[in-house]
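Notes follow the structure.
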Amino acid sequence: MSSSVKLLDPAFQGAGQKPGIEIWRIENFQAVPLPKSNYGEFYMGDSYIVLQTTPGKGGSNLYDIHFWIGKDTSQDEALTAAIKTVELDAVLGGRAVQHRELQGHESDKFLSYFKPCIIPLEGGIASGFKKPEEEEYETRLYVCRGKRVVKLKQVPFARSSLNHDDVFILDTRNKIYQFNGVNSNIQERAKALEVVQFLKEKYHDGTCSVAIVEDGELYTRSNSGEFWVLLGGFAPLNKKTTGEDDVISETTPTKLYSITDGEMKPVEGELSKGLLGNNKCYLLDCGAEVFVWVGRATQVEVRKAASRVAEDFVTGENRAKTARITRVIQGYENNSFKSKFDSWPEGSTAPGGEEVKGKGKGKVAAFLKQQGVGAKGTIKSVQVVEEVPALLEDGGKTEVWYINDGAKLPLPEADFGKFYSGDCYIVLYSYHSGERKEDNFLCCWIGKDSIEEDQKTAYQLATKISNSYKGRPVQGRVFEGKEPPQFITLFQPMVVLKGGLSTGYKKSIADKGLTDETNKADRVALFRISGTSTHNNKVLQVDAVATSLNSAECFLLKSGSSIYLWHGNQSTRKQEQLAAKVAAFLEPGVALKRAREGKESNTFWLALGGKKSYTSEIESSESVRDPHLFTFSLNKKGKFEVEEVYNFSQDDLLTEDILILDTRAEVFVWVGQCVNVKEKENVFKIGQEYIDRASSLDGLSPKVPLYKVTEGNEPCFFTTFFSWDPNRATVHGNSYQKKLALLFGPSQVAELESMLPKEEKTTGNQGAPTQRASALAALTSAFNKSPSKSPPPEKSTANQGGPTQRASALAALTNAFKSATRKSSTVERSPSNQSGSTQRAAALAALAASFNPSAETKTSAPKPVRSNPGGSQRAAAIAALSAVLTAEKKKQSPDVSPSISTSGTPAVTSPPTDADSSEVNPSEADDSVGVAKTNKEDLSEANPSGADDSQEVAKTNKED
């Protein structure tokens, strides 16, 4: 042991003592601390070690060590990084989760440390560094992928790198362009805007211009034109190709192997925690990620051998360049590992390191102390102080109903705060928060002895109330004994009584032959006073026996017409004051008799059935909050799965999504504005599925409070877990529009809406925008080449208007395209509004005229027929345009709205029925017929002047 610890790198001394990130770079096979100013810069030729220290439960720290390997790093440096990671883990007590990160395939957790992204730089410590500020600014093209964490990849600076499915960023010296593929994801577009802003601030000192270029947008627009000029011109884009970095490992059935003497053996049976022995190492193959589980009782050499087996395994499976390898220690398994098992019973798990007290850790700590490696601080940490979340604003209006016979009955105001264990209640609190008109907190309280029928009725009627407020209220479900501070604060005091008022409860008790314990005037009742503050001062009726007493608390004893206040020797003055307040609430006007511990009267003990021993231990009901944000999905087998959003922020609450915030003390299901109605109806079902899963895997209480929170109506006890900006909640639109408005102002959103028709966001018509983009590219190419066939402008006065005429044609064509997509077929069929077809016909006429000289300038002498690629190209462009316009008419629906869609799940437009097709305006059909005729004649005659083209299109316009 001594010789191994001597090899620990002194660069790690004091590591992991404070929460946050620490980074080392491998230089000449040594770990060298990286200056904080360089955090986030990773050179492709180097390897790095990144330590993330997080406060854990119980006050101890949790550690994640990532070693990042650049694609150009040497094998020796990569091996050094792996070895140094083991050394750093030893300094931390041998309990860190270790991750191997490969450039281009980093885990979401690693990328979350460096928002919005990391940009790998060329060079390294061996080959020398290339810093952008030290060289001529190089124009770079990136593809940007990811909804919450961004994987930014530099691609060749060429038009062939673009496609219709991704978002690209072109970074030039004076301007940054974001190109949105027509089929790209709305949320990826929004995230790319953050990257654009990051590049602007980091590499341009915040001074360069920013432009948004939409796929299919005509190059006559200034930003679009500049963009295409830089890429060599406007032309059809290639289909998306899959490269090595784009390969996503297929989801494979999870398989468990034991590792013995460097050999892997399959472990048969259903995955369960009981299969893992503490004297062995195991490999869990999950496809894209491979886990190495290390038992506490294993030797160092066994652990090293297990790591080598994992490396050989991914190499043999051809996953060496894509699969992530994560090593976890028994007792410190992360949620990602535990989620692969059907259940994970509590016992050996060590929240914050409390339960792992094996000999190995003690030996490591003792030896590190001898070596002066700063073991102090690696084992101990600052105790976490629980902070009470923000409470609701006071001064609001409270309404309470209790459930009886399938209905809600209003509770008299004098009884507000009295809750019976056999009943269910609905509580509505209306209040004003900040500048908002009114907020509502709607909650169901479920007594532990209430019947199932009353519980269902409470949920249904609460939902009905929520719907009457258009779904705005924060809607919660609270179980007896798990009341959150926000609920308790509404009632001063809050008293939970035995028994119940519901007829259903009373019938249930009678059917079971049990005694109804509902509090009555002639019965002895004992109440325990808990807490000292408004957020935790709950009163609970307990069994009226001496063993229920506690020296650390105050109690009220009601016996006949008398009421006693008993205060233990360890109780506080605040508890006594609260007890007196509760006595006045339960028995108004009755004189209070005081009984101090040790000086009780015989009458007091007689009411409790005699004096008996009781406890003096202080019970703590406070929950330590440890917030985690999750997305969820259902796998192919219908199993509920979650994925954590690491280092989350308000930006991660995307309006198209539903997310789950688990604080350990409560669970919130956050619902974005653009979530479809069907998913909104299942919010509590989603929350319950999460609670069931977390209870099985992570020890979450199955009775934890559950809330539904809608976007724009977030309460203070939700926003307290974020660095919350209330102005963001006031911005409307989809994720992309919101981000655009926040970064660049509302004017950009208005401009975007003018460019993009709603149909381009629908899954039912994805081919239309791509077809338009291709047609425009073909048309542009034809326009650019046709002038070369014309005589020089200065020598041909008859054709000086050619360029201007072509520009006008493009402008007319742009308007025609917009009109074709914005106007529904219902509008275009209206006799009073046929501007759509007329506008397209006019655009075609302008197009034909721009291709050919005017009739007045043509000579009368006939020209010989000859091969003419230009004429064929123009005909092909017109044919493509004709096909697009025809497709536009066929795919339009009366339900299409001209505004941009804000839903994450786009609406699908229905195909036209036969009746719809028969009713199409004949003038619209003439557009495509005339152009088709034009194309046919142009191809047959191959006339370079295109005279027949213009005649046919003019004929079409006249007929229209």
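Details
- Wholly enclosed strands (runs of 3 or more DSSP E) of the range 65-180 bearing at least 2 residues touching a Ser or Thr at 6+ places or on another chain (Cβ under 8 Å) and buried (at least 17 other Cβ atoms within 10 Å of the Cβ): 97-102, 140-145, 167-171, 175-180
- In a residue-by-residue description of the range 403-426, the property of being over 21 Å from residue 585 (Cα atoms), surrounded by 19 or more Cβ atoms within 10 Å (Cβ to Cβ) and modelled with pLDDT under 95 applies to no position.
- Restricted to the range 534-559, and to residues there that are in contact (Cβ under 8 Å) with a residue 24 or more places away in the chain and among the β-branched types (Val, Ile, Thr), the residue that is nearest to residue 524 (Cα to Cα) is 545.
- Taking each residue of the range 299-311 that is outside the structural domain of residue 83 (by the TED database) and looking for partners that are of a type in the set (Val, Ile, Thr) and surrounded by 18 or more Cβ atoms within 10 Å (Cβ to Cβ) with beta-carbon atoms closer than 6 Å, six or more apart or interchain, yields 303/294; 306/259; 306/292; 309/259; 310/290; 310/292; 310/325.
- Boolean, residue 5 is at pLDDT below 90, open to solvent by less than 20 Å² (accessible area, probe 1.4 Å) and among the aliphatic types (A, V, I, L, M): yes
- Against the criterion of being within 27 Å of residue 459 (Cβ to Cβ) and surrounded by 15 or more Cβ atoms within 10 Å (Cβ to Cβ), residue 667 qualifies.
- Top-ranked residue in the range 209-225 [being at pLDDT 90 or above and in contact with a Lys or Arg (Cβ under 7 Å, 6 or more places away or on another chain); ranked as surrounded by the fewest Cβ atoms within 10 Å (Cβ to Cβ)]: 209
- Entry remark, the range 286-332: residues being more than 24 Å from residue 109 (Cβ to Cβ), open to solvent by 30 Å² or more (accessible area, probe 1.4 Å) and polar (S, T, N, Q) number 2 in total.
- Any hit, the range 191-206, residues being assigned to a loop (DSSP other than H, G, I, E, B), in contact with a helix residue (DSSP H, G or I) (Cβ under 9 Å, 6 or more places away or on another chain), among the hydroxyl-bearing types (Ser, Thr, Tyr) and open to solvent by 10 Å² or more (accessible area, probe 1.4 Å): no
- In the set (1) within 26 Å of residue 581 (Cβ to Cβ); (2) buried (at least 19 other Cβ atoms within 10 Å of the Cβ), residue 473 fails one condition alone, (1).
- Only one of the numbered conditions (1) surrounded by fewer than 16 Cβ atoms within 10 Å (Cβ to Cβ); (2) at pLDDT below 55; (3) among the polar types (S, T, N, Q) is not met by residue 349, and that is (1).
- Candidates in the range 623-641 are the residues that are surrounded by 13 or more Cβ atoms within 10 Å (Cβ to Cβ) and part of a loop (DSSP other than H, G, I, E, B); of these, the one that is modelled with the highest pLDDT is 627.
- Output for the range 503-529, where each listed residue is touching a Phe, Trp or Tyr at 6+ places or on another chain (Cβ under 7 Å), open to solvent by less than 10 Å² (accessible area, probe 1.4 Å) and of a type outside the set (Val, Ile, Thr): 526, 527
- For the range 448-471, the condition holds for no residue, the condition being that it is closer than 23 Å to residue 717 by Cα and assigned to a strand (DSSP E or B).
- Residues of the range 664-691 classified as assigned to a loop (DSSP other than H, G, I, E, B), of a type in the set (Gly, Ala, Ser) and under 17 Å from residue 479 (Cα atoms), total: 1
- Residues of the range 708-734 classified as in contact with a helix residue (DSSP H, G or I) (Cβ under 8 Å, 6 or more places away or on another chain) and in a loop (DSSP other than H, G, I, E, B), total: 12
- The lone exception for residue 294 - which of (1) at pLDDT 90 or above; (2) among the β-branched types (Val, Ile, Thr); (3) farther than 30 Å from residue 334 by Cα it fails: (3)
The values are calculated or read from the model by the stated rules, or taken from the named source; none is laboratory data. Please read all numbers here as calculations on a predicted model, not as lab measurements. For neighbour counting, all protein chains shown are included, and Cβ atoms are generated from backbone atoms with ideal geometry for every residue, glycine included. Remember, those area values only see protein heavy atoms, side chains included, never the ligands or the DNA or RNA. Shrake-Rupley method; radii C 1.70, N 1.55, O 1.52, S 1.80 Å.
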